[in-house]
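Participant: Dropping a structure here in structure tokens format, bear with me for questions.
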Amino acid sequence: PDSLDNDIKLLFVKAIVACCHETNEDGEVNLMDGLCHLSQILVELITTDVMYNGLLWPIEDDFIKITMERDLHIRRTFKNCPILWSLLGLLAQYRVPLWCNCSVILRALCASVMHHWRAKSTETMVGNNEELMFFTVKLLEILALSQLLPSPLNYLHIIVPSLDSQEIS
């Protein structure tokens, strides 16, 4: 639920990181394999039509399936399960190769947010856009954390709430 305490979220994320730790015979801890598997599971659970035998984007022309309906479905999933933002933030800290797996999620979130800001609907023009602003700020935080934004734009998530909707679009 939205009212989930941040301490509980943190404990949940720490438990997932602990499950991703793998110690080999030499005593070395390998976290990347577990996080890579976590990113694949996350993509498979959020966008079931993307994964194909554990591989992203099957050889067939399934990339044509990119639709706004699927993007909105992914966005709705993030709305209904806010812990996904914390998991995406965890994966953002370790970047490559985890972002290769999660790129479909990032693309869908970016596309839906950009489409809504550019829509010039009454909702965005009047200022009744708390949910859209929340998604925009969270997405910009994730992009900055994963260093997908150039350094001058790293603090855009702080500036965006003070801008008008026309300036954001």
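Participant: Look at the stretch 8-59 and say how many of its residues are in contact with a Cys (Cβ under 9 Å, 6 or more places away or on another chain) and modelled with pLDDT under 80.
Facilitator: 1
Participant: Could you say whether any residue in the stretch 80-99 is exposed (fewer than 13 other Cβ atoms within 10 Å of the Cβ) and either farther than 20 Å from residue 17 by Cα or modelled with pLDDT of 90 or more (or both)?
Facilitator: Checking the stretch 80-99: at least one residue is exposed (fewer than 13 other Cβ atoms within 10 Å of the Cβ) and either farther than 20 Å from residue 17 by Cα or modelled with pLDDT of 90 or more (or both).
Participant: Mind listing whichever residues of the stretch 20-43 are within 14 Å of residue 91 (Cβ to Cβ) and either of a type outside the set (S, T, N, Q) or without any contact (Cβ under 8 Å) to a residue 40 or more places away in the chain (or both)?
Facilitator: 20, 31, 32, 33, 34, 35, 36, 37, 38, 41, 42, 43, listed by residue number.
Participant: Being in contact (Cβ under 8 Å) with a residue 12 or more places away in the chain and outside any helix (DSSP H, G or I) is the filter here, so list the residues in the stretch 128-169 that pass it.
Facilitator: Residues satisfying the conditions are 129, 146, 147, 148, 169.
Participant: Of everything in the stretch 111-129, what is surrounded by fewer than 16 Cβ atoms within 10 Å (Cβ to Cβ) and either modelled with pLDDT of 85 or more or in contact with a Pro (Cβ under 6 Å, 6 or more places away or on another chain) (or both)? Give them in sequence order.
Facilitator: Across the stretch 111-129, the qualifying residues are 114, 115.
Participant: Here are 146, 151: which of them is of a type in the set (S, T, N, Q), modelled with pLDDT under 90 and open to solvent by 20 Å² or more (accessible area, probe 1.4 Å)?
Facilitator: 151
The values are calculated or read from the model by the stated rules, or taken from the named source; none is laboratory data. Values in this document were obtained by computation on a predicted structure and should not be read as measured data. When we count neighbours, we look across all protein chains shown, and the Cβ atoms used for this are built from the backbone with ideal geometry, even at glycine. These accessible areas exclude ligands, DNA and RNA; they are computed on the full protein's heavy atoms, side chains included. Shrake-Rupley method; radii C 1.70, N 1.55, O 1.52, S 1.80 Å.
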